[in-house]
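The values are calculated or read from the model by the stated rules, or taken from the named source; none is laboratory data. Treat the numbers as computed from the prediction; the structure is a model and nothing was measured. Quick reminder, even Gly has a Cβ in these numbers, built from the backbone with ideal geometry, and neighbours come from all protein chains shown. Accessible surface is based on the protein model in full, side chains and every heavy atom, while ligands, DNA and RNA are left aside. Shrake-Rupley method; radii C 1.70, N 1.55, O 1.52, S 1.80 Å.
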Amino acid sequence: MHFHHHGYVSGDPRVQPAAGVGIDRPTQLPDEVDVLIVGTGPAGMLTAAQLSQFPGVTTRIVERRGGRLAIGQADGIQARSVETFQAFGFAERIIAEAYRITEMAFWKPDPADHSRIVRAARAVDDPAGISEFPHLIVNQARVLDYFAEFMANSPTRMAPDYGYEFRSLEVGEGKYPVTVTLLHTAGPLEGQERVVRAKYVVGADGARSKVRESIGCTLAGDQANHAWGVMDVLATTDFPDIRLKCAIQSGEGGSILLIPREGGHLFRMYVDLGEVNPSDKGAVRNTTIEQIIAKANDILHPYTLDVRNVAWHSVYEVGHRLTDRFDDVLPEEIGTRTPRVFITGDACHTHSAKAGQGMNVSMQDGFNLGWKLGHVLEGRSPEGLLSTYSAERQVIAKNLIDFDKEWSTLMAKKPEEFESPSELEDFYTSTAEFPAGFMTQYAPSMLIGEQAHQDLATGFTVGKRFKSAPVVRVCDTNPLQLGHQAKADGRWRIYVFADPSVAGSASPTNDLAEWLANAPDSPLAATPSGLDRDAWFDVKVIYQQEHTGIDISAVPAAFTPEVGPFRLTYLENVYGTGPAADIFELRGVARGGAVVVVRPDQYVANVLPLTATAELAAFFAPLLPTRKPEPARS
Ligand code: FAD
């Protein structure tokens, strides 16, 4: 954690000093805002939390409920989400309160007596060690609470504006081209309309999104929904795996997905209620909690469930659906204008609860979009950057829906329909990287380079998220995970994996450092004067030597920037390898060194040789403000 550089901080260092729009932030929703986010679900809250780090941007997030979500909705947190929470500073706390999935059990009809279920298999949740982060179960409400805390502690002092329902919007001209009509849903003004003008609007308003409707998008896909009776309950039972995630299939074809929950007692059951006939006019929604419990008991036979307390229950109906675009730019307008309205999360893709993806993929939509809005609004990047949101995320949602269809079809199969007895668990283990959230790979674009130099760092795949590995920080000899040093602060990251020369000697690493620090076409030169040199770019160096062999005073200035009003030297960006783990070895980094460029949302944007300064400059040129050419030297 980086603080004290502006003077002694005596309180909680997580509370960042208020800055920009966070100083005297109005408690009432203003008439004009830079970004208006609709909906405080995971997609909206992550977008808002990311934007809360941009003190020059007025962001407000409105919600029709009168207050925070208390209970219910999603609860599956994949490892990629925990990695994301780490960047927002609350991974450790949420891990401590969550249920951790390490194994899953598969229960099937007893071949000798189909009226009984037996445990048929167990599968380790992450057999290949895809991530150092765990797979968790914790209620959506707690995730939202942590994001709310993060934004309240941020320089912009953001907080959701509860009690406003989005009604409609129109995109016109001017400084604030999007006119949004809201309705007060609580308080003394309940029932009255309110108009807010915005530069950009983010529809994070869930599956029945009105923002989606207002930009003429429709969700296409399954004709019918699938329904589950969902209950979060406290119960006594003789079912032995009640504290394990289980897929349970009975001989009669009924199935349950059992999800143990945080706190040691609570668990969730998804009891399959089957396909919903579109003509039944919502009859399935009348399924009572008593009927859900009775069906659960039938499926669990010979075991029984005595429910003592129902914390939450719902009939969750959903189909696989997707919109063809995630913003308001029509196909025929692509290239002629940039978007003003975006949709994220369930507003643009819906899928079953069985793969536990809804909350996770929605948060990644927000992570993708938030920094882009911040960069454009603070003048760090041209507006064209915003077109990459729909282009990148729509295809990810499509892949997810394809995966989810395969998984839910398998889970719905009757035992006699499986091609092999272990088909279900084999699929679960062989595809583990997908549900863990690590299969996302963005295609080449203005934000993602070609894989021309991928061989220089085979473990940092261009387009995939930066996979952490252990290093040792030189200045204080602390063993750390390199990826965990990247915070959700909206900065680009340039990781310089040094050549074998020692720090400070004439070498390609030193030449690159000199170029980064001083060349007019270095991306760092775009940082406005008056800001610290590391305000837009976080540059880290990783030497091949063990930390004891690195002379910190010989490390080039590009890696030890002067920061804050006292011009203090920041020493914490210099790393060596550890005695137990060599990051060069673990991530296939060439011994000649490499540059790995990582986006603010943690995706690898480029891998280049240490000498490729022209390519590095060319990569960043379209992403940074236009700079005046240097006057020719005589
Ligand atoms: P949401 O979490 O749906 O958030 C949308 C937010 O927008 C809500 O807070 C809503 O109140 C607000 N909103 C909607 N319309 C407006 C408007 N016009 N104006 C202002 N605010 C508005 N997933 C599971 O995996 N398992 C489950 O059991 C499960 N149950 C669910 C039950 C319900 C009732 C709902 C709504 C969703 C459920 N989900 C479940 C889905 C899961 O919660 C979502 O996939 C995930 O939360 C997606 O996040 P999101 O931010 O896109 O949308």
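In the stretch 192-213, what residues are away from the ligand (no atom under 11 Å from the Cβ) and not in a loop (DSSP other than H, G, I, E, B)?
Those that are away from the ligand (no atom under 11 Å from the Cβ) and not in a loop (DSSP other than H, G, I, E, B): Glu193, Arg194, Val195, Val196, Arg197, Ala198, Lys199, Tyr200, Val201.
Taking interchain pairs and intrachain pairs at least six residues apart, which have beta carbon atoms under 7 angstrom, with the first residue in the stretch 56-68 and more than 20 Å from Lys210 (Cβ to Cβ) and the second near the ligand (Cβ under 10 Å from one of its atoms) and assigned to a strand (DSSP E or B)?
Gly67/Tyr162
Could you name every one of the strands (runs of 3 or more DSSP E) located completely within the stretch 509-607 that has at least 1 residues being at pLDDT 95 or above and under 25 Å from Val376 (Cα atoms)?
In the stretch 509-607, 537-546, 594-598 are the strands (runs of 3 or more DSSP E) which contain 1 or more residues that are at pLDDT 95 or above and under 25 Å from Val376 (Cα atoms).
For the stretch 52-73, how many residues are more than 19 Å from Leu182 (Cβ to Cβ), more than 10 Å from the ligand (Cβ to nearest atom) and open to solvent by less than 10 Å² (accessible area, probe 1.4 Å)?
Going through the stretch 52-73 one residue at a time, the tally reaches 3.
Residue pairs, Cβ under 8 Å, 6 or more apart or interchain, first in the stretch 26-50 and over 24 Å from Ser362 (Cβ atoms), second within 15 Å of the ligand (Cβ to nearest atom). List them.
Pro30/Arg60; Pro30/Val196; Asp31/Val195; Asp31/Val196; Glu32/Val196; Glu32/Ala198
Find the residue count for the stretch 413-458, including only residues that are part of a loop (DSSP other than H, G, I, E, B), surrounded by 18 or more Cβ atoms within 10 Å (Cβ to Cβ) and of a type outside the set (A, V, I, L, M).
8
Can you pull out every residue in the stretch 311-357 that is more than 10 Å from the ligand (Cβ to nearest atom) and of a type in the set (Gly, Ala, Ser)?
Residues satisfying the conditions are Ala311, Gly319, Gly335.
Does Ser115 fit the bill of being surrounded by fewer than 21 Cβ atoms within 10 Å (Cβ to Cβ), within 14 Å of the ligand (Cβ to nearest atom) and in a strand (DSSP E or B)?
It is false that Ser115 is surrounded by fewer than 21 Cβ atoms within 10 Å (Cβ to Cβ), within 14 Å of the ligand (Cβ to nearest atom) and in a strand (DSSP E or B).
With respect to Gly66, determine if the residue is assigned to a loop (DSSP other than H, G, I, E, B) and closer than 24 Å to Val38 by Cα.
Considered against the rule, which asks whether it is assigned to a loop (DSSP other than H, G, I, E, B) and closer than 24 Å to Val38 by Cα, Gly66 comes out as yes.
Going by what's in this entry, would Asp365 be described as touching a helix residue (DSSP H, G or I) at 6+ places or on another chain (Cβ under 6 Å), assigned to a helix (DSSP H, G or I), within 12 Å of the ligand (Cβ to nearest atom) and not small (Gly, Ala, Ser)?
The answer is yes for Asp365.
Do we find that Leu136 is within 16 Å of the ligand (Cβ to nearest atom), within 27 Å of Ser314 (Cα to Cα) and touching a Phe, Trp or Tyr at 6+ places or on another chain (Cβ under 7 Å) in this structure?
On the way: within 16 Å of the ligand (Cβ to nearest atom): yes; within 27 Å of Ser314 (Cα to Cα): yes; touching a Phe, Trp or Tyr at 6+ places or on another chain (Cβ under 7 Å): yes.
For Leu136, the condition - within 16 Å of the ligand (Cβ to nearest atom), within 27 Å of Ser314 (Cα to Cα) and touching a Phe, Trp or Tyr at 6+ places or on another chain (Cβ under 7 Å) - is met.
Yes/no per residue for (1) in contact with a helix residue (DSSP H, G or I) (Cβ under 6 Å, 6 or more places away or on another chain); (2) closer than 30 Å to Tyr303 by Cα; (3) hydroxyl-bearing (Ser, Thr, Tyr):
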position: Gly191; (1), (2), (3): no, no, no
position: Lys199; (1), (2), (3): no, no, no
position: Val202; (1), (2), (3): yes, no, no
position: Arg208; (1), (2), (3): no, no, no
position: Gly216; (1), (2), (3): no, no, no
position: Ala220; (1), (2), (3): no, no, no
position: Lys245; (1), (2), (3): no, yes, no
position: Leu258; (1), (2), (3): no, yes, no
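Give the stretch 163-188 a look and list any residue that's of a type outside the set (S, T, N, Q), at pLDDT 95 or above and either near the ligand (Cβ under 9 Å from one of its atoms) or over 20 Å from Asp327 (Cα atoms) (or both), or say none.
Listed by number, the residues that qualify are Gly163, Tyr164, Glu165, Phe166, Arg167, Leu182, Leu183, His184.
(1) within 16 Å of the ligand (Cβ to nearest atom); (2) touching a helix residue (DSSP H, G or I) at 6+ places or on another chain (Cβ under 6 Å); (3) open to solvent by 10 Å² or more (accessible area, probe 1.4 Å): which one isn't true of Pro160, the others all being true?
If we test Pro160 against (1) within 16 Å of the ligand (Cβ to nearest atom); (2) touching a helix residue (DSSP H, G or I) at 6+ places or on another chain (Cβ under 6 Å); (3) open to solvent by 10 Å² or more (accessible area, probe 1.4 Å), just (2) comes out false.
Return the only residue of Arg285, Arg243, Arg268 being open to solvent by less than 20 Å² (accessible area, probe 1.4 Å) and among the basic types (Lys, Arg).
Of the residues listed, the single one that is open to solvent by less than 20 Å² (accessible area, probe 1.4 Å) and among the basic types (Lys, Arg) is Arg268.
Which of the residues spanning the stretch 78-110 are outside any strand (DSSP E or B) and either open to solvent by 30 Å² or more (accessible area, probe 1.4 Å) or without any contact (Cβ under 8 Å) to a residue 12 or more places away in the chain (or both)?
Gln86, Gly89, Glu92, Arg93, Ile95, Ala96, Glu97, Thr102 - these are the residues of the stretch 78-110 that are outside any strand (DSSP E or B) and either open to solvent by 30 Å² or more (accessible area, probe 1.4 Å) or without any contact (Cβ under 8 Å) to a residue 12 or more places away in the chain (or both).
Which residue, of Leu300, Leu273, is farther than 30 Å from Ala535 by Cα, out of contact with any Asp or Glu (no Cβ under 6 Å at 6 or more places or on another chain) and open to solvent by 10 Å² or more (accessible area, probe 1.4 Å)?
None of the others qualify; the one that does is Leu273.
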